[in-house]
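Below is one structure, written out as structure tokens, with a few remarks after it.
The values are calculated or read from the model by the stated rules, or taken from the named source; none is laboratory data. Being a predicted model, the structure only gives us computed values, none of them experimental. When we count neighbours, we look across all protein chains shown, and the Cβ atoms used for this are built from the backbone with ideal geometry, even at glycine. Only protein heavy atoms, including side chains, enter the accessible area calculation; ligands, DNA and RNA are left aside. Shrake-Rupley method; radii C 1.70, N 1.55, O 1.52, S 1.80 Å.
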Amino acid sequence: QVQLQESGPGLVKPSETLSLTCTVSGGSISSYYWTWIRQPPGKGLEWIGYIYYSGSTNSNPSLMSRVTISVDTSKNQFSLKLSSMTAADTAVYYCARAELGYYLDVWGQGTLVTVSS
Amino acid sequence: DIVMTQSPDSLAVSLGERATINCKSSQSVLYSSNNKNYLAWYQQKPGQPPKLLIYWASTRESGVPDRFSGSGSGAEFNLTISSLQAEDVAVYSCQQYYRSPPTFGQGTRLEIK
């Protein structure tokens, strides 16, 4: 059974870059689209972007200039970098598997990232 | 972006009764070439990640109880819980994956009356 686990800092200073990693266990990262989603406290879900195991990516235009998603198939991991963080980026960040790049059928537990000086 | 709007924002239903949540998209998410609606439903309990319930608008994910069903086509969809159980208390969200970026509804909070 595939499981996902996010890792990274829980606190980021304004203007800094957030770096998160998602480790895939119980299955191969090959095939599937690997996705980042976030949820501000008390709010709805926002799709950040995905990466295919081959390395092709797609990101939300609202964040595209700040987002970098990468994959390391040798480690069964994929990563998110989000630059120029502000308080508006405070959220629980989830990694998830997207079947065919569409619906999200496996989710990590999520990690709360707070932006504060 | 396609805007997903759910109604109501919150809903209280008695145990054993039917609960219905509505989701409307700002444009059709029905792909005519394969006649599939690119819509999913998720359940999120407090402190947990979302869980996939329904995809292609009406296909139940493996392991999801059959009291959960999805219906609708085009730009209007429903998630129905036929007989509400205590463990169904959660926030339910719809998601379209017809056009990038995928977008979610604001969520509907379901409680026990």
Relative contact order as a percentage, chain B, C-alpha pairs under 8 Å and 6+ apart, gives 39 percent
In Å³ per residue, the alpha-carbon convex hull of the protein assembly as shown encloses 118 Å³
Log10 I(q)/I(0) at q = 0.12, 0.19, 0.23 Å⁻¹ for chain A, from Debye over equal alpha-carbon scatterers, is -0.37, -0.95, -1.37
Sorted by accessible surface (1.4 Å probe, heavy atoms of the protein chains only), largest first, B:T80, A:T57 come out as A:T57, B:T80
Cross-link reach from B:K51 to lysines, straight Cα distance under 19 Å and at least 8 residues apart if same chain, gives A:K43
For A:S74 and B:V3, extending 7 Å from Cα along the Cα-Cβ vector and measuring point to point gives, in nm, a value of 4.8 nm
With x for Gly and Pro, the residue-by-residue ³J(HN,Hα) of region B:96-113, computed from phi through the Karplus equation 6.51 cos²θ - 1.76 cosθ + 1.60 at θ = phi - 60° and given in whole Hz, is 9, 10, 6, 9, 7, x, x, 10, 10, x, 6, x, 10, 8, 10, 10, 8, 7
Once both label points are put 7 Å beyond Cα along the C-beta direction, the A:K43-A:S19 separation in nm becomes 2.6 nm
For the protein assembly as shown, the per residue accessible area (1.4 Å probe, Å²) is 45 Å²
Dipole check, chain B, charges on Cβ (K,R +1; D,E -1), about Cα centroid: among B:V89, B:I2, B:P65 the Cα furthest to the positive pole belongs to B:I2
One checks the Cα atoms of chain B and finds Rg and Dmax, in Å, of 13.3, 43
The size of the Cβ-based charge dipole (Lys, Arg +1; Asp, Glu -1) of region B:9-72 about the Cα centre, to the nearest 20 debye, is 80 debye
